[in-house]
Amino acid sequence: MRHATAGTALTQEYAARFPQSRRLHARAVASLAGEAAHDSWRFDPFPVYFATCDGARKTDVDGNTYIDFWMGHGALLLGHHHPDVDGAVAAQLRSASHYGGAHALQVEWAERIVALVPSAERVRFVASGTEATLLALRVARSVTKRAAVIRIDGHFHGWHDEALAKAIPHDVAGFNPGNVENLYVLPFDLDLLSDAVDDLRPAAIILEPGGGSAGALPWSTGSLAELRRLTERSGTLLIFDEIISGFRYAPGGVQELSGVMPDLTVLAKIAAGGLPGAAVAGRADIMRVFGAGIRDGTILSAVPHTGTFNASATSAAAAIATLDKVADGTPQAAADRATGRLVDGINRCAAAHGAAVRAFRQSSIFHLVVGAASDERAVVGPSPEVLISQRTHRKDYAALRQSLLLNGVDAHLVHGWVSAVHSEPIIDAAIEAFDRALARLGRGADAPNIFRS
């Protein structure tokens, strides 16, 4: 069967449904580099443009309403417009949007993180997750006086050189060749990592402890504990990128669930209450590299660090309100239950329609696997095969997303984020939308390859 392409009835229906989005996209082509402000917001033939959000829903510029499974790229565990978060931000804006100096909220925000994240003793704020991973690696090199860094294949740490080096050609991407030379990308194979740590004596190993690519890859307490032993043996710093898993998998993230303590943790998304902001947190002795300066004529280990919007007052207000709400684990439990209900419903619908689509979840993040049901014996769950499916079935994922948008659901191409305000009625409505979307894809000559012949 054919893929849905630009000339199919599905794409024609999509183009007709969103005229205002189509017009905005034409303007974007003429003014925005790459047609969008984020690579994943691009979509063929054009993305839907949104206007308002509330709770678990959002509305586009054409007046269509959707159940939202982007949820601010996972930042909005409490949903859009939580009254306590909105109230805290509004109150702060009445005082100041930017103090241009120290303020009490930066201390309170740091105290909340130290209280919730088991390994955190000191906190340094930045403005984005990419900045946080970049800064954490710089700290590791400052402390260890070593150059090499190991990154785990399939794990995501932003868009700076060391986060993407060796994933795409460095000359095309404009990476600094020196960064590429000192960056090593390995699978999460403990034997390989053990040999690499002994041979390279790296400054750090950085990974997503909750599974790479937003939980598409597996994680286990045993593997993390063994990795901790390997790094301690060589004096290598272990960096947990808990930008996704922090405050979502549990109030204290994967380190709370596993009991494995990293040297440094990077946080963002929920950590900033859905506004711009991120942090590097770590042991007090390691974090002494900030502000060490010169003593008795000797240059101490010191990492220079500035940033106009570090610990933004408005972000701090949103963060404090959010962290207070998630501290007892109640929102996480609600989101987990909702995600389980959604995944079960998607899988029932896909099986009923004979669609080679299945869903699984890690915590309150669900993943769609196209092609998984072609073999009914296949295990649907975190694995490298999920990432392969995303590449080999990209046109089928795109057709599914088009059909979902036409039926009132907005999610990332391959996965989605569930919040504490996705109630049972909302989840049931989303399952019905998946059912309609799959039914639409199964009709006619433009049915994509997710349907078995």
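The values are calculated or read from the model by the stated rules, or taken from the named source; none is laboratory data. Keep in mind that what you see is a predicted model, and the values were worked out from it rather than measured. Reconstructed Cβ throughout: ideal geometry from the backbone, glycine too, with neighbour counts over all protein chains shown.
Is it the case that Phe50 is among the aromatic types (Phe, Trp, Tyr), more than 25 Å from Asp428 (Cα to Cα) and out of contact with any Leu (no Cβ under 6 Å at 6 or more places or on another chain)? Taking the combined requirement at face value, the residue does not satisfy it. Of the set (1) outside the structural domain of Gly416 (by TED's automatic domain parsing); (2) modelled with pLDDT of 95 or more; (3) surrounded by fewer than 20 Cβ atoms within 10 Å (Cβ to Cβ), all apply to Val266 but (3). Within the set Ala163, Ala147, Ala132, the sole residue that is among the hydrophobic types (A, V, I, L, M, F, W, C), over 19 Å from Val280 (Cβ atoms) and either in the same structural domain as Val185 (by TED's automatic domain parsing) or in a loop (DSSP other than H, G, I, E, B) (or both) turns out to be Ala147.
If you check Gly154 against the conditions, is it crowded, with 18+ Cβ neighbours inside 10 Å and over 17 Å from Ala311 (Cβ atoms)? Yes: the conditions hold for Gly154. Filter the stretch 404-428 down to the residues that are more than 24 Å from Ala16 (Cβ to Cβ), aliphatic (A, V, I, L, M) and part of a helix (DSSP H, G or I) and list them by number. Answer for the stretch 404-428, where residues must be more than 24 Å from Ala16 (Cβ to Cβ), aliphatic (A, V, I, L, M) and part of a helix (DSSP H, G or I): Ile426, Ile427.
Tell me yes or no: at least one residue of the stretch 38-54 is touching a strand residue (DSSP E or B) at 6+ places or on another chain (Cβ under 7 Å) and polar (S, T, N, Q). Yes, the conditions are met somewhere in the stretch 38-54. When restricted to residues that are farther than 16 Å from Gly246 by Cα and loosely packed, with under 14 Cβ neighbours inside 10 Å, the stretch 91-117 contains 12.
Here Gly63 meets each of (1) crowded, with 20+ Cβ neighbours inside 10 Å; (2) out of contact with any Pro (no Cβ under 9 Å at 6 or more places or on another chain); (3) in the same structural domain as Ala399 (by TED's automatic domain parsing); (4) not hydroxyl-bearing (Ser, Thr, Tyr) with one exception, condition (1).
When you scan the stretch 135-145, do you find a residue that is of a type in the set (S, T, N, Q) and crowded, with 21+ Cβ neighbours inside 10 Å, even just one? The answer is no, given that none of the residues of the stretch 135-145 is of a type in the set (S, T, N, Q) and crowded, with 21+ Cβ neighbours inside 10 Å. So which residues in the stretch 183-197 are surrounded by fewer than 19 Cβ atoms within 10 Å (Cβ to Cβ) and either part of a loop (DSSP other than H, G, I, E, B) or at pLDDT below 95 (or both), if there are any at all? Pro187, Asp189 - these are the residues of the stretch 183-197 that are surrounded by fewer than 19 Cβ atoms within 10 Å (Cβ to Cβ) and either part of a loop (DSSP other than H, G, I, E, B) or at pLDDT below 95 (or both).
Only one of the numbered conditions (1) surrounded by fewer than 21 Cβ atoms within 10 Å (Cβ to Cβ); (2) closer than 30 Å to Arg394 by Cβ is not met by Gln362, and that is (1). All conditions but one from (1) farther than 16 Å from Val114 by Cα; (2) of a type in the set (Gly, Ala, Ser); (3) surrounded by fewer than 24 Cβ atoms within 10 Å (Cβ to Cβ) apply to Gly252; the one that does not is (1).
Selection within the stretch 286-310: residues that are under 13 Å from Ala140 (Cβ atoms) and modelled with pLDDT under 95. The member of this set that is surrounded by the most Cβ atoms within 10 Å (Cβ to Cβ) is Val289. Only residues in the stretch 301-320 that are at positive phi count as the first member; pair them with residues that are surrounded by 16 or more Cβ atoms within 10 Å (Cβ to Cβ) and part of a helix (DSSP H, G or I), Cβ under 6 angstrom, at least 6 apart or cross-chain, and list the lot. Taking only residues 6 or more apart or on different chains, the pairs are Ala311/Gln106. Residue under question is Asp336, and the condition is that it be of a type outside the set (S, T, N, Q), surrounded by fewer than 17 Cβ atoms within 10 Å (Cβ to Cβ) and either part of a loop (DSSP other than H, G, I, E, B) or not assigned by TED's automatic domain parsing to the domain that holds Gly273 (or both); does it hold? No: the conditions fail for Asp336. Meeting the requirement of 3 or more residues that are basic (Lys, Arg), the helices (runs of 4 or more DSSP H) wholly within the stretch 1-111 are 19-31. Of the residues Ala216, Ala272, the single one that is in contact (Cβ under 8 Å) with a residue 40 or more places away in the chain, within 25 Å of the chain's Cα centre (by Cα) and closer than 18 Å to Arg112 by Cβ is Ala272. For the stretch 219-250, a tally of residues being free of Cβ contacts under 8 Å to residues at least 24 places away in the same chain and under 28 Å from Asp324 (Cβ atoms) returns 0.
Here Ala279, Ala313, Ala318 are screened, and the one residue that is under 18 Å from the mean Cα position of the chain (by Cα), modelled with pLDDT of 95 or more, among the aliphatic types (A, V, I, L, M) and surrounded by 20 or more Cβ atoms within 10 Å (Cβ to Cβ) is Ala279. Consider the stretch 9-59 and keep the residues that are more than 21 Å from the chain's Cα centre (by Cα) and among the basic types (Lys, Arg). The one that is surrounded by the most Cβ atoms within 10 Å (Cβ to Cβ) is Arg22.
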